[in-house]
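Presented below is the structure to which this report refers.
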Amino acid sequence: MNLIFGTIRSRLVAGLSLIVVLLLVAGAVGRSAISGLSVEMARTLEGVRRETSLTASLTTNVALELAAAGRYLDRGEAADLEAFRKSGWAAHEAQRALNESEGLSSSEIALVATIDARLSTIETGLAAAHRLRELGHLEAADVRAAAVRSEETALTAEIERLAEARAQQLERATAALQETAAHSPELISAATA
């Protein structure tokens, strides 16, 4: 007869020890799965947050730049010209950072490039209008500024499309995280079975 498992007490202790070991393994597997899910969620949400912030920065700085350009044409104050330049640089910086984002699709990258090109065209037209104003050709400055108004409308529509694309990307990320979270209990129970 086997002396180690010869008594009921030794069999109960061995069985209970095996159950404790299995529970510890199951706990470790569960913790690992939850930690992995947490890391994935944090990474995904950080990317979405960054891209959303950059999109908002682009939108805000374009609006500030166009408003400052209009004020400079009306008043001719150096502070308005400086605000136009500063907001323009900030808008282009946000655009460059968006292009470097990993979460953008090829169509979103193309849209950001189109926005940048259109913004540059508008800036060139407004800068020419500013120079005409400085030379005292107010009527010609107004005509030059009016020539880019249609570009401003198109730019606004493109920025709106970008914001909609970012919202859709957020919905996709949310759905993917929800699906991963839904499968997490299945993975834990499969690992512990």
Sum of -39500 (n - 2.57) over DSSP H runs of 4+, divided by residues of the chain (222 nm, nearest 500): -33000 deg cm²/dmol
Would you mind getting the accessible area per residue of the chain, heavy atoms of the protein chains only, 1.4 Å probe, in Å²? 62
Can you list the equivalent-ellipsoid semi-axes of the chain, largest first and in whole Å, using the square root of 5 times each Cα gyration tensor eigenvalue? 65, 14, 9
At a 1.4 Å probe radius, carbon and sulfur cover how many percent of the accessible area of the chain? 63
Charge dipole magnitude, Cβ of K and R +1, D and E -1 - the chain, Cα centre, debye nearest 20: 1040
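The values are calculated or read from the model by the stated rules, or taken from the named source; none is laboratory data. As the structure is a prediction and not an experimental result, all values here were calculated from the model. Note that each Cβ is placed from the backbone with ideal geometry, even for glycine, and that neighbours are counted across all protein chains shown. Protein only, heavy atoms only, side chains kept; ligands, DNA and RNA dropped before computing areas. Shrake-Rupley method; radii C 1.70, N 1.55, O 1.52, S 1.80 Å.
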